[in-house]
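Heads up, the thing below is written out as structure tokens.
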Amino acid sequence: MSLRTAFVASLAAALLAAGCSSSDEAASPMPTADVEITAVTPEVTQAMTPSETAPVEAETTPAATPSETTAAAEESPSGKATLVGDEAQRIAAVVPAFHEYWDVINQTYADGGAAEATPDMERIMTSGQLDYWVNAFSNWKEKGHRYEGVNRVLYATSKLVSLEADGGVADVEFCVDMSGTRAFDAQDNPLHKDGLYQSGVAVLEWIDGGWKVAGYREGTANKDQC
């Protein structure tokens with residue numbers, strides 16, 4: 001499986017070029033689905049430049065085998081499989097990590113950008129994401145741009161999780177409300193915003209004992225509603 005992290009290309013259209021338009025209409029959250037655990041381990045190829053606009057493409061290699069590590073389960077009194085042990089903790093940490101990613105983006109914009117990677121960015125972003133955002137935030141700071149408002153995660157749901165002893169990949173279906181944000185240049189001129197919401201499927205990787213956002217699956221885009 002290959003995954004090309006052009007993650008922030010669609011995100012940048014709204015965050016790096018945000019403007020005055022806004023909407024008070026909230027998107028309806030998608031119903032929460034049960035986590036589906038597979039033994040498919042996508043391979044991530046990080047090749048992203050800020051000018052790249054193509055969506056992330058993902059292909060999965062089929063067929064889980066008994067030798068591959070998946071989340072452990074035991075039968076509960078209700079007859080449903082219940083995750084146990086370290087695997088359960090790792091799966092439970094997927095969605096909070098995605099929320100944290102957006103918290104870091106919001107905070108860094110509120111701080112006026114960043115000249116270099118912050119510890120928070122390093123903790124929650126893969127190397128490809130980190131390279132992009134260091135460049136984006138340093139340019140933002142250098143140009144004196146200003147950001148108002150907060151991007152809100154309306155919903156985030158784990159869809160597919162693949163675990164190994166020291167790695168893993170997770171898909172998170174999500175919608176982010178960007179309607180309450182605005183951005184201005186150094187002269188306080190509003191910057192244009194493309195879309196009020198962003199939705200799709202984010203991809204996270206388990207690296208060094210924690211989940212990091214790596215990219216988006218194909219189909220993620222800015223739009224007028226989730």
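Under the rule of at least 5 residues apart or a separate chain, name every residue whose amide H is placed under 5 Å from the amide H of Ala214.
Excluding prolines and chain starts, which carry no amide H, the hits are Val203, Leu204, Glu205.
Using a basic spin-label model with each label point 7 Å from the Cα along Cα→Cβ, how many nm lie between Glu148 and Ala88?
Here the answer is 4.7 nm between the modelled labels.
Could you report the range 115-207's accessible area per residue, 1.4 Å probe, as an integer in Å²?
Numbers: 3770 Å² over 93 residues.
For the range 115-207, the solvent-accessible area averages 41 Å² per residue.
Once amide H atoms are placed 1.01 Å from N in the peptide plane, what residues at a sequence separation of 5 or more from Asn151, or on another chain, have their amide H within under 5 Å of its amide H?
The answer is none.
Can you work out the Karplus-derived ³J(HN,Hα) for every residue in the range 109-120? Use 6.51 cos²θ - 1.76 cosθ + 1.60 with θ = phi - 60°, whole Hz, and x for glycine or proline.
5, 4, 7, x, x, 8, 6, 8, 4, 8, x, 5
Express the carbon and sulfur contribution to the solvent-accessible surface of the range 108-226 as a percent, rounded to the nearest whole number, probe 1.4 angstrom.
44
What ranking do 123-130, 147-154 get when scored by the average of other Cβ atoms within 10 Å per residue, highest first?
Top of the packing list down: 123-130, 147-154.
What list of ³J(HN,Hα) values in whole Hz, one per residue of the range 175-180 in order, does the Karplus curve 6.51 cos²θ - 1.76 cosθ + 1.60 (θ = phi - 60°) give from phi, with Gly and Pro shown as x?
Values, residue by residue: 9, 10, 8, 10, 5, x Hz.
What ³J(HN,Hα) values, in whole Hz, does the Karplus curve 6.51 cos²θ - 1.76 cosθ + 1.60 give for the range 138-151 when θ = phi - 60°, with x put for Gly and Pro?
So the J values, rounded to whole Hz, are 5, 5, 4, 5, 4, 7, x, 6, 10, 10, 10, x, 10, 7.
Could you check the spin-label model distance between Ile207 and Asp188? Points 7 Å from the Cα along Cα→Cβ, value in nm.
Between Ile207 and Asp188, the simple spin-label model gives 4.0 nm.
The values are calculated or read from the model by the stated rules, or taken from the named source; none is laboratory data. Just so we're clear, the structure is a prediction, and the values are computed from it rather than from any experiment. Don't worry about glycine lacking a Cβ; one is built from the backbone with ideal geometry, like all the others, and counts go over all protein chains shown. Just so you know, the surface numbers come from the protein's heavy atoms only, side chains and all, with ligands and any DNA or RNA stripped out. Shrake-Rupley method; radii C 1.70, N 1.55, O 1.52, S 1.80 Å.
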